[in-house]
Every structure is written in C-alpha cells, then in structure tokens.
Amino acid sequence: MRNSIPLLFLGLLLALAALAIFALSRGSDYDRSPLGNKGLELWLQAKGVPVLRSDPHVSQARSEVSLRIFPLSIRQGKPAAPQTDEEPGEVGPESAVQESSDYALPTLIILPKWRGNVSTNGIASAAGLIDLTEIGGELEKIGYSDLDLTRSETGFEEAHPALKPGQPIEIALYYAQTFDRASLPSSCRELAGTQTGALLVHCDDYNQAYLLSDPDLFNNHGLALADNASFAVSLVTLLRGTAETRPVYLDTAGQPLDDEERIDEGRTYERSASDLTRFFAYPLSLIWGTLLAVAAICFWRGAYRFGPALPEASANTEMSKTTAIEATARLLRLSGNDGRMTEQFVLHLLADKAQLVFGPGAGNQAGIDRLFQRLARRDQATARALHVSAQALIERGHLMTRANLYRNLETFRKSLGSIDLGSR
C-alpha cells in the first residue's frame, strides 16, 4: 500500500493537468463562447446563406461578398497596428464603415454589450454589461457621435419588430439595448425597434452602413431566445438582397478589404508568439496531454528500482539448484498452482525417503507403501497421521484452499520430522 501512494499522487496530478489543459483550450475559443458568432455562421448556412469567415492572414476581395457583418467590441475598437505599406487609420471599425460607402457594400455594424468575462464564465448579469459611455466612445470613433443608447432595466424584454410589412417576429432580449429615438438625427431612420427604442438604424451619411444596437440578436447566447434566430436570417436576407448568391462576410478581424484584384497576394505576414497557441488549442491539447502522461509514467517506471541492486558476478556462474527450485516454486505460486506443486513435493520426498531406507529402486509406490508399514511398526499413531496427511496432499492438494493446504503440509512436516526412519 505504501508503494502505491506515489502512483496515486502521480495519477491525480496528471488528471488535474489534463483537465486544466482541456479547460484552458476550450475557454480560449471565443467564437464558440456565448458571445461568439459560430452559431450565426452555422444557422445561416443551414438556411442556404453561404458564409465566409475573416482570416487575419488573408485579405478579402470586396467583390466576392454580398454583405459584411462586423461585430464591434471594445477590444476591436482600438486601432490595430498598421500593416506594411499602409497608412495609420486605414484599419479598424472606422475603416469598415468608410468602406461600406467606398465599395457600395452593405455593412452591418453590431454594437457591443457584454464584457469579455461573460464569454469565459457563461453568466450574463448586470455586472457583465459594458458601460454605455464606453460604447458611446466607440460610436464616436466610427462617425456616429449623435446617437445615444438606452438600456432596459426590467430583465427580459419581448418585442415584435417587422422587417417586412405584415411579418412581425417575436424577439427576446436580456437588458435590451436600443438607440434613443429622441437622439436620432434627421439623417437617420429606424428600420426595426422595440417599445423602448430603435434596434436597427440606417443613416444617410453612410448609406450602406447599418447599426444594430443589441448583439444578442446575432451571438450564440441570443440566437437561442424566442425567434431571434429567425430575425437574424430575415435581417441578413433584407440587407444582402433575396436574389443575391454571393456569400456573407463575417468579419471578426477588422482588416480592410481589397480591390477587385488582389495585388498583394504574395506578401508575408509578421508572426508573433501568440501564433504558437494554435498548437495547444483543442483538440491538439488532448494529444499534448496524452504525451505528458506517457512521459511521466515512463519517467516514474524508469526511476523505480525493482529490488536491491545485485552484485557484479561472473558470466560463467551457473544458477544453483536451490535458486532454480525457488524460482520455479515462485512461478508456481504466482500462477495459482500451489496445490499441484505440493503434491509433487510430498510424493518426491516420500520416494527419496523410501530409497534412503530400502536402497535404489525403492522410489516407487510399492516402496512408499513398504515405508509406511515400517513406520507403523515403530509408532502407529504418528505413522497414521503422516499417511493421512500425505495421502490428502497427493490426491486432493490441487483442490484444497490455501489454508487447508498449509495446515496439512504443516502436519505432514511435523509427523515426518518426529519419526526416526533409520537406514538400510
């Protein structure tokens, strides 16, 4: 039991390490978190709307997409480091709004609402809401400083916005975030809303840009509520056009779009240490965890000594007969053949005693019977006890339990040792 304690401790340590690796790799996958947009991608594809996802290492041609969806967040709102041959200010959310007019590309800007800790702990509460002043700062950066946001304080709020006349859709929002209708300038109009404010706004200053105030209509958390998923599909269809076949561009990287031709196809990209995290993301984390477990077990077994160190011996030294017998007996015990080993031991011992008393050739059953007759003439009680125990061990030793086997063997040993066999 004492030797098993290190093994149990090592197993517990490896289990905790594997659990930590798995949890960290899954927790870092923002796209599948409650605030991510993996569900939107799968839902649109299920409804026959093709989707292209952004790649920070690949620039997207604007002519290949029909609608750009840009989920704005506080971390994305910070200007990104300019690429080589690019002027500062050409990347970031403000670039997406400007490009919507330059390329005549419908662009849906989704405002943030939740802080990043909601994506890791999965709990949406009032404490996880972003302050409205912070979101207002992001609106100012992209050219919508006149818009003010309001937020419901009644928990869940239901509404029936109609993107198309006569086709209202029931939606549900937690701490619903809307634009204050009183703050809408004359150049902006409401396309969908609730009783408390406007959800979808379109302004003439950027005639191809649309602002969605509440991200819960498009993220993984909100798509499961009421008919929010249907609202998302209807809105995407409305903005891209019913006859459009080009895919929707889900832009989470914030990189500028290319012209009709990709003139920068062969450019190289700067690598960083964060790129190495891809090799530890799920499911590769399971492989690393398995390798760690195998290495730890190999180290433990290699460092453990099986018995004391043996002295150096000559290669010509032969194993003695006693050592060979002990090794054979140990193998028989390990294999569960104690009884059969005892049968052979008793039978051979009696045969040796018979030859010792009567000479060579007496080591058979007749010689053993003659030996018992001689012992009975000297001490009948002891001879009978020896005969009974020997017969029981020879005939039923392999059927005895370990306790009965040892008891009969002890009786046989004491009886045989108390009798003087004499000699020939």
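Based on this model, can you work out whether Glu395 counts as within 60 Å of the chain's Cα centre (by Cα) and under 18 Å from Arg340 (Cβ atoms)? Yes: the conditions hold for Glu395.
Within this structure, Leu72 fails the test of being open to solvent by less than 20 Å² (accessible area, probe 1.4 Å), more than 19 Å from Leu211 (Cβ to Cβ) and either of a type in the set (A, V, I, L, M, F, W, C) or without any contact (Cβ under 8 Å) to a residue 40 or more places away in the chain (or both). Restricting attention to the range 133-155, the residues that are under 39 Å from the mean Cα position of the chain (by Cα) and not in a helix (DSSP H, G or I) total 5. Summed over the range 203-250, residues that are hydroxyl-bearing (Ser, Thr, Tyr) and closer than 26 Å to Leu132 by Cβ total 3. Does Pro82 satisfy being open to solvent by 40 Å² or more (accessible area, probe 1.4 Å), in contact with an Asp or Glu (Cβ under 8 Å, 6 or more places away or on another chain) and modelled with pLDDT under 75? When the stated conditions are applied, Pro82 passes them. Is there a residue in the range 94-108 that is touching a helix residue (DSSP H, G or I) at 6+ places or on another chain (Cβ under 8 Å), modelled with pLDDT under 70 and open to solvent by less than 40 Å² (accessible area, probe 1.4 Å)? No, the range 94-108 contains no residue that is touching a helix residue (DSSP H, G or I) at 6+ places or on another chain (Cβ under 8 Å), modelled with pLDDT under 70 and open to solvent by less than 40 Å² (accessible area, probe 1.4 Å).
Given the condition assigned to a loop (DSSP other than H, G, I, E, B) and modelled with pLDDT under 70, answer yes or no: does some residue in the range 35-43 qualify? There is no residue in the range 35-43 that is assigned to a loop (DSSP other than H, G, I, E, B) and modelled with pLDDT under 70. Exactly one residue among Thr237, Thr252, Thr242, Thr194 is without any contact (Cβ under 8 Å) to a residue 12 or more places away in the chain and either closer than 27 Å to Asp102 by Cβ or hydroxyl-bearing (Ser, Thr, Tyr) (or both), and that residue is Thr242. What are the pairs with Cβ atoms under 9 angstrom where one residue, in the range 386-405, is within 28 Å of Arg374 (Cβ to Cβ) and the other, located anywhere, is aliphatic (A, V, I, L, M) and outside any helix (DSSP H, G or I)? Sequence gap at least six, or different chains. Listed by first residue and then by second, the contacts come to Leu386/Ile419; Ala392/Met400; Leu393/Met400. Only residues that are among the polar types (S, T, N, Q), in a loop (DSSP other than H, G, I, E, B) and surrounded by 19 or more Cβ atoms within 10 Å (Cβ to Cβ) were counted across the range 156-195, and they come to 1. Scanning the range 251-265 for any residue that is open to solvent by less than 70 Å² (accessible area, probe 1.4 Å), in contact with a Phe, Trp or Tyr (Cβ under 7 Å, 6 or more places away or on another chain) and modelled with pLDDT under 85 turns up at least one such residue. Take the residues in the range 196-246 that are farther than 23 Å from Asp31 by Cβ and among the charged types (D, E, K, R), then tell me which one is least open to solvent (accessible area, probe 1.4 Å). Top of the filtered list is Glu244.
Of the residues in the range 234-247, none is at pLDDT below 85, touching a Lys or Arg at 6+ places or on another chain (Cβ under 9 Å), in a loop (DSSP other than H, G, I, E, B) and under 30 Å from Pro215 (Cβ atoms).
The values are calculated or read from the model by the stated rules, or taken from the named source; none is laboratory data. Bear in mind that the values here come from a model prediction, so they are computed numbers and not experimental data. For neighbour counting, all protein chains shown are included, and Cβ atoms are generated from backbone atoms with ideal geometry for every residue, glycine included. Note: accessible area is taken over every heavy atom of the protein model, side chains too, but ligands, DNA and RNA are not part of it. Shrake-Rupley method; radii C 1.70, N 1.55, O 1.52, S 1.80 Å.
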